[in-house]
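Take a look at the structure below.
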Amino acid sequence: MSVTQLGMPSIGVPRKGFFTDTSLCIGCKACEVACKEWNSVPADTSLELTGESFDNTSALGADSWRHVAFIEKQVPAADPSAHDGVKWLMSSDVCKHCTHAACLDVCPTGALFRTEHGTVVVQQDICNGCGYCVSACPYGVIDQRQGDGRVFKCTMCYDRLGAGEEPACAKACPTKSIQYGELDELRERADARVTELHERGEEGARLYGHNPDDGVGGDGAFFLLLDEPETYGLPPDPVVTTRDLPVMWKRAAGAAAGLLLGAVAVFWGARN
Amino acid sequence: MSPRRGATEEFTSYYGRPILKKPTWSAVDIAGYIFAGGLAGATSMLAAGAQYSARPSLERRSKLMALTAISASAVALVHDLGRPERFLNMLRVAKPTSPMSMGSWILSLYGPLAGASAASNVLGILPRAGRACGVGAAVAGAAVATYTGVLLADTAVPTWHDAHEALPFVFAGSAAASAGGVAAALAPVAEAAPARRMAVGGAVLETVMSLKMERSGKLSAETLHQGRAGTLLRLSKAFTVGGAVGLALGGRHSRLVSTMCGLAVAAGSALLRFGVFEAGVASTLDPKYVVVPQRERADEAARQREAAGA
Ligand code: SF4
Ligand code: SF4
């Protein structure tokens, strides 16, 4: 029972989205920088090196709305006398702008809302920092900003979309790994790209978040990956938590009724 | 950013980093809020029963206790917000998909009812209206004591969500146990029989349902046995069971036994909420609780698709 299923409001037509084709990513992090610049996202103050390949951003968060993951995957050599090879996997992660968005469903203030482009955005003048969305997001995207108290995440550059511009990350991406457009068209483009990669022998190519029948009703920002989602730090099969909410409310109603009956019972026939 | 865990061999992750975000909630505020809310809600039921069964002392003390507990819980809730001054934004909308929104409305209904019935009782004004408010508070109190199970379960936190069928009952039992225990400690023995019964009945429900939750067989349930959460939950059972047995055997005869055992049951209830809270937090820090079950589900779906296609 998500807000979207209840039809409040219906998703904007045509719905806008991101298709991030990781097979084209060169790990330049231009998207991370462009996002910070355009949206005035504060610096993450720690200047530590993680030692995790070239990734020192580590995860999405209140101050990182794009995050480029770097994976150095060992490829065992066919010839035992040769050295093993390394395969580079790079992927720019972002808020998925879910169809059934748990963050939006659970937000008690209405700060999170569905825009006319079908994206999910926080209204910063309303959020009271209750943190419910943080625990609800199955992808671990949205988070509370330290020292501010409110939550922040990718807005798909709401201000730019309104002016007919593409989001800053897509604009800055030099390889068109990040593609912005109408979701239906992006899905077609992605299908064609997977077929092409399979023909070229890239067996591991697969789409992630493109299927409207998955646990979150499909993502407004979906991906072409070259390995299992968990390799990139993505959940393999996320389900929106509110799918089970009708069951939960029923159980709570049963428990409440039981409590009331129990309360009557403890007074029944009690002598002192 | 949460610290990374050591990468393990049994499943794939991104440098062992968590997939989910750690809850922003503080244990004292939110586990404390759930405990105090449950205590208040169930205490209002005792108060309503007492007002119709000529137990004036139990009635007065329960009404004051319920008001105190709900005030403390409201303070904890507001204190936990990143922007406490915007608390009233909670009442901008009413959203059935948001247990926190529903909870805010339930609290705004319950709080004034509990307050009015306590005020009427203490000041001796409008006794009829006061009693009507007392009944209203008992009914709303049942919602206050149980919706918190949905509040935790309606998240991506593996331990909490996996327990979504059990949690409202665990919390209902725990609320009754704490209310009965505290009232048995506060009220004179001669009036406290219903309180003792509620404490014992609540303790039984709490213990049975939490054992069920801990043995669900879901991977995330192991967080209920390990580390700090495991310690808290084991302590909780010791207090709850010990206190309930003591109350059942000796609560009738001695005010001292009634007080000590009643408070023990209430302490067990509080420890339970902290244990469940900590277990949930632990399940967000290790990506295993996200990856392993979801990978199994995805593989199973793929097998079925293949079988259907072949
Ligand atoms: S990925 Fe998370 S933050 Fe983004 S829309 Fe989905 S639930 Fe909300
Ligand atoms: S932290 Fe803000 S955006 Fe998130 S659920 Fe609470 S009010 Fe809504």
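The values are calculated or read from the model by the stated rules, or taken from the named source; none is laboratory data. In this text the structure is predicted, and so the values were computed from the model without any measurement. Using ideal geometry, Cβ is built from the backbone for each residue, glycine included, and neighbour counts are taken over all protein chains shown. Keep in mind that these areas ignore ligands, DNA and RNA; they rest on the heavy atoms of the full protein, side chains included. Shrake-Rupley method; radii C 1.70, N 1.55, O 1.52, S 1.80 Å.
Computed across region B:95-211, the Kirkwood hydrodynamic radius from all distinct Cα-Cα pairs reaches 15.6 Å. The equivalent ellipsoid of region A:134-272 has semi-axes of 46, 21, 14 Å, largest first, where each one is the square root of 5 times an eigenvalue of the Cα gyration tensor. All Cα-Cα separations within region B:27-309 were binned at 5 Å from zero, giving a P(r) of 1, 6, 12, 16, 16, 15, 12, 8, 5, 3, 2, 1, 1, 0, 0, 0, each value a whole percent of the pairs.
Using a probe radius of 1.4 angstrom, the carbon and sulfur fraction of the accessible surface of region A:83-156 is 52%.
Chains A and B together bury some 6200 Å² of accessible area, summed over both sides, with a 1.4 Å probe.
Below 8 Å, C-alpha to C-alpha, sequence gap of six or more: please give me the relative contact order for chain B in percent. Display every interim value, and only then the final one.
Values: 555 pairs, mean separation 68.9, N = 310.
Across chain B, relative contact order equals 22 percent.
Taking 4.7 Å between beta carbons as the limit, the unpaired Cys residues of chain A are A:C25, A:C28, A:C35, A:C98, A:C107, A:C127, A:C130, A:C137, A:C157, A:C173.
Across all directions, the shadow cast by the convex hull of region B:146-222 built on its C-alpha atoms averages 5.1 square nanometres.
Cross-link partners for B:K21 among the lysines, with Cα-Cα distance under 25 Å and sequence neighbours closer than 8 places in the same chain left out: A:K29, A:K36, A:K96, A:K153, B:K95, B:K218, B:K288.
Taking every pair of distinct Cα atoms and averaging 1/r, then inverting, what Kirkwood hydrodynamic radius in Å comes out for region B:1-139? If you can, show how the numbers build up before the last one.
Values: mean 1/r = 0.0579 Å⁻¹.
Over region B:1-139, the inverse of the mean reciprocal pair distance is 17.3 Å.
Couplings 3J(HN,Hα) for region A:67-81, derived from phi with the Karplus relation 6.51 cos²θ - 1.76 cosθ + 1.60 (θ = phi - 60°), are 9, 8, 8, 10, 10, 9, 9, 5, 10, x, 6, 5, 8, x, 7 Hz, where x marks Gly and Pro. Heavy-atom accessible area for B:V245, with the other protein chains in place and a 1.4 Å probe, reaches approximately 80 Å². Within the same chain, aspartates and glutamates fewer than 8 places from A:K73 are excluded, and of the rest, those with a Cα less than 16 Å from its Cα are A:E52, A:D55, A:D84, A:E202, A:E203, A:D227, A:E228, A:E230, B:E9. Looking at chain B, the accessible area is 39 square angstrom per residue; that uses a 1.4 Å probe and ignores ligands, DNA and RNA.
Which semi-axes, in whole Å and largest first, does the equivalent ellipsoid of chain A have when worked out from the alpha carbon gyration tensor as the square roots of 5 times its eigenvalues? Don't skip to the answer; put the middle values down first.
Working: eigenvalues 300, 107, 84 Å².
Largest first, chain A gives 39, 23, 20 Å.
Could you work out the relative contact order of chain A? I mean the mean sequence separation of Cα pairs under 8 Å and 6+ apart, divided by the number of residues, in percent. Don't skip to the end; give the middle numbers.
Working: 486 pairs, mean separation 69.0, N = 272.
After rounding, I find 25 percent.
What is the diffusion coefficient of region B:258-310 in µm²/s, taking the Kirkwood radius over Cα pairs and the Stokes-Einstein relation at 20 °C with a viscosity of 1.002 mPa s? It diffuses with D of about 147 µm²/s by this estimate. Please determine, in degrees from 0 to 90 and to the nearest 10, the orientation of helix A:245-267 with respect to the longest principal axis defined by the Cα atoms of chain A, where the helix direction is its Cα long axis. Rounded to the nearest ten degrees, it is 30. With a Förster radius of 35 Å applied to the beta-carbon distance between B:E306 and A:E196, the computed FRET efficiency rounds to 0.90. Compute the helix-to-body angle for B:227-250: its Cα long axis versus the longest principal axis of chain B, expressed 0 to 90° and rounded to tens. So the helix axis and the longest Cα principal axis differ by about 30 degrees.
Computed 3J(HN,Hα) for region B:107-120, one whole-Hz value per residue from the Karplus formula 6.51 cos²θ - 1.76 cosθ + 1.60 where θ = phi - 60°, is 5, 6, 7, 5, x, x, 5, 4, x, 5, 5, 5, 4, 4, glycine and proline marked x. The protein assembly as shown has equivalent-ellipsoid semi-axes of 50, 25, 19 Å, by the square roots of 5 times the alpha carbon gyration tensor eigenvalues, sorted largest first.
Scalar couplings 3J(HN,Hα) for region A:17-25, obtained by applying the Karplus form with A = 6.51, B = -1.76, C = 1.60 to θ = phi - 60°, are x, 10, 10, 9, 8, 6, 5, 9, 6 Hz; x denotes Gly and Pro.
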